[in-house]
Amino acid sequence: MNESPEERIPDKFEELGICEDVLRALDEMGWESPTPVQRDSYPLVIDGHDVIVQSRTGTGKTGAFGIPLVDRLLSEHGNEQALVLAPTRELALQSAREISKLGAHRQIDTVAVYGGASMERQIQALEKGARVISGTPGRVLDHLNRGTIKASRIRVLVLDEADEMLSMGFAKELNAIIEKLPKDRQTLLFSATVDRAIKRVAEKHMRDPHFLGLSGDHVGALGIEHFVYMVSGVGRVANLVTILETEDPESALIFCNTKAETEEVAAALQRAGFNAEWLTGDRPQREREEVLGRVRNEELRFLVATDVAARGIDVSHLTHVINFSLPENVEQYVHRTGRTGRAGRTGTAISLVGPTELGILYYLRLQYRIFPIERTLPSEGEQRTRQEADRIAMIDAAYRKPPTEAELALVRRFLTHPNAERMLAGLLGAFFGTDAEARDLDKVAATRRRRGSEHHREEDEGRSARDVDEDQNERPTATLYVNVGRRDELKASELGRLLRDRTGLKRKEIGRIRVRDKHSLVDVPEDRAQEVIESMAGAVLRDREIELERATGD
Ligand code: AMP
C-alpha cells in the first residue's frame, strides 16, 4: 500500500479545483472548508486511485467520496453509475441525501435502496437513470440479481463503514456484489478500524490502494475528551441520573448493551423528567423514523440506543456520547465515542465503568492510548448544595411580583430580627413540607431546572409547586394502568381532562401521568381508586374504549 502524500494540500474547496456549481452547493450546505479527510482524499480519488480511508463517522467521510463523485467521477451526460454500500438503511439514506445536496446543481440523481422499503419505487428511480445508488448489501444484491441494477454500469464502488458491514455479517453479500462488478472500476473503502479482515477485503478487491489513515494513537482521541465514572454496578440507573444532573450535557447519545437495558434507561430518564427517547431494532419503522426525525430536528436531548440501532445515524450535533455500560470490545468504544466531536467540533465521551468492565478500560489505554480522566460521583454534600440551589431557584421563580412598601417593611424588620434564621428555617420547612413531600418538590424543582424538558412537560401534566403545596396532608396514592398510550397519540393533558370530567377528581388529586408507548400510568388517591376505575368504564378516547386497572408494578 502507498503512504499518504506528504505535499501540502489546499485548505479551501476552491483551491482543490472543484467546479463552480459544486462549490455553490457546498456554500449552500454551509461547508466552508474541507475537513482533513476530504482535503486529503480528493486529489487521489479524482486521479482514479483506489483508496482506503481510515476515518470515523463524523469526519466528513461522506463528503470525501461524495464531492469527487459529483464533481468529477460521474460525467453529467454519461450513464455510468456509482454504488455506495453501507451497513444500515439509515446510513444509506443519509449518504443519498448528502450526495444529492452536493449534486444539487448537476444532472446527477441519487437513489437509496434498502430493505423494508418499496421495491417498486426503487426500481422506478433506477429506471429513471439514478447515477448514484446508495444501499445496503442485501437489497443491492437483490437488485443486481434481478437486473434492476446493471453491474456493467458501475464505475465507482464505495464501501462505507466497511468494518461495520463485516461485523454485521455482510461479508458474503459484499463478496457476491463485488464479484459481479466490472474489474476496471474504482474502489474506495472507508472504515474506522483497519484490521486484518479489512485488509483482506482490500487485497482481494482493490488495485494498489493508497492508504489515508489517522495514526493509531489518534483514531478515537481526536477532538474528544474521555471521562469515566467508576460505579459499583448497583443502582447504575440512579448513578446515570446523578451524572446527567452533574455534567448537565446539552445533548447525548446514550449507549446500552442490550435492548432491555435501552428501554429501561430511557424510561427511567423520562420518569426523572428528562427529554429522552429510546431506539432499538424492535421499534416499528414508523416510530424509529419519528424518533430519528426528532434527533434530526434537534428536538430530543437524550437518545438511548443500542449499537446496532445507532449505526450510521447522523448525530453530529450531539455534544456527548455516554456509555451506560462499556461495550464488549475496544473497537466498539472507538466507534461509539467517534459519534461525537464531529467535523472539527470537540465532543465529550463519558462512561460508567463497573468492576466487571475494568478490562475494557485497560485495553483502551493499552491499544488505543486513550486515557480517560476519572471523575467521581458527587458526594451527598455536593448533591445537597445543588438541591439547595434548586430550591432557591424555585422560590425565586414562584414569587416574581415586586413586594409592596408594606411587605418590604415587614421583610426588613424580619431580616434584622435576632431569630431571623430560626424563623426562616421554620417558614421554609412549612413551604417544603415534610421530607417525603420535600422530595416531591425537589423533583418538581429539578424538572424545571433541566433544559430541554418541554416535551416531557407536555407529556406529563407536571404539577406546579403550588399543587404539591396544597396537597400537604399525606394521602396514600394508587397507580392505575390505562390501556392507551403514545401509540394512540395520547397526550397526558387529555387523559387528565377526561379523568377530571368523568370522575370529578380535582386537578391536584391527579398525580403524575406517565404516557408510555402502549399504555399510561396515573396516580390517584388510594381511597378513590376503585371509584375512579368504575366511573371511567365505557369512556372512549381516540376511538378506543378505555380500561383502567390497578397497576401491578411500574
Ligand atoms: P460524516 O462523517 O460524513 O458522517 O459527516 C459528519 C457531519 O459533518 C455531517 O453532518 C456533514 O454534513 C458534516 N460535514 C461534512 N463535511 C463538512 C465540511 N467540510 N464542513 C462542514 N460540515 C461538514
If the limit is 18 Å between Cα atoms, which of Lys128/Lys172; Lys172/Lys199; Lys183/Lys204; Lys150/Lys204 go over it?
Lys128/Lys172; Lys150/Lys204
Spin-label zone in region 477-513 - amide nitrogen under 16 Å from a point set 7 Å from the Cα of Arg544 along the C-beta vector:
480-496, 498-499
Within a Cβ distance under 13 Å of Gly359, other residues only, what is the Lys/Arg minus Asp/Glu net charge?
-1
Using a Förster distance of 51 Å, how high is the FRET efficiency between Met29 and Arg502, based on the Cβ-Cβ distance and rounded to 0.05?
0.45
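What translational diffusion coefficient, to the nearest whole µm²/s, does the chain have by Stokes-Einstein, given a Kirkwood radius computed over alpha-carbon pairs, a temperature of 25 °C and 0.890 mPa s viscosity?
On the way: Rh = 26.8 Å.
Reported coefficient: 92 µm²/s.
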To the nearest 10 degrees, the tilt of helix 358-368 (Cα long axis) against the first principal axis of the alpha carbons of the chain is 40 degrees
For Cα pairs less than 8 Å apart in space and 6+ apart in sequence, what is the mean separation divided by the residue count of region 2-213, i.e. the relative contact order in percent?
28 percent
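Just the number, please: carbon plus sulfur as a percent of the accessible area of the chain, 1.4 Å probe, no ligands or DNA/RNA counted. Intermediate values should be presented prior to the final figure.
On the way: 12900 of 26650 Å².
Carbon-and-sulfur percentage of accessible area, whole number: 48.
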Once the Cα atoms of helix 20-29 and of the chain are each reduced to a long axis, what angle between those two axes, in degrees from 0 to 90 to the nearest 10, is obtained?
20 degrees
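Compute the length gained on full extension between Glu526 and Lys491: take 0.36 nm times their separation in residues and subtract their Cα-Cα distance, giving the result in nm to one decimal. Let's see the in-between values first.
Values: separation 35, 0.36 × 35 = 12.60 nm, distance 2.34 nm.
10.3 nm is the gain from fully extending Glu526 to Lys491.
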So what are the ³J(HN,Hα) numbers for region 229-240, from phi and the Karplus equation (6.51, -1.76, 1.60; θ = phi - 60°), rounded to whole Hz, Gly and Pro as x?
10, 7, 10, 7, x, 9, x, 5, 5, 5, 4, 4
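For Ile123 and Glu421, compute 0.36 nm times the residue count separating them, minus their Cα-Cα distance, and round to one decimal in nm. Could the numbers behind the result be given before it?
Values: separation 298, 0.36 × 298 = 107.28 nm, distance 7.73 nm.
So the chain would gain 99.5 nm between Ile123 and Glu421.
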Placing each pseudo-label 7 Å from Cα in the direction of the beta carbon, Thr258 and Asp184 end up separated by a distance in nanometres of 5.5 nm
Residue-span extension gain [Phe431 to Phe227] - 0.36 nm each, minus C-alpha spacing
69.5 nm
Quick check for you: which residues of region 168-186 have the amide N under 17 Å from the point 7 Å beyond the Cα of Lys204 toward its beta carbon?
168-183
Long-range amide H partners of Ala112 with built H, under 5 Å
Ser134
Does anyone have the angle between helix 137-146 and the longest principal axis of the chain? Alpha-carbon axes, 0 to 90°, nearest 10?
50 degrees
In percent, what relative contact order does region 222-326 have, based on Cα pairs under 8 Å that are 6 or more apart in sequence?
39 percent
Between Glu407 and Tyr362, what is the label-point separation in nm under the 7 Å Cα-to-beta-carbon projection?
6.3 nm
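Would you mind getting the accessible area per residue of the chain, heavy atoms of the protein chains only, 1.4 Å probe, in Å²? Walk me through the intermediate numbers first.
Numbers: 26650 Å² over 554 residues.
Ligands and nucleic acids excluded, the figure is 48 Å² per residue.
The values are calculated or read from the model by the stated rules, or taken from the named source; none is laboratory data. For clarity, every value in this text was computed on a predicted model and none was experimentally measured. Note: ideal-geometry Cβ built from the backbone for every residue, glycine included; neighbour counts use all protein chains shown. With ligands, DNA and RNA removed, areas are computed over all heavy atoms of the protein, side chains included. Shrake-Rupley method; radii C 1.70, N 1.55, O 1.52, S 1.80 Å.
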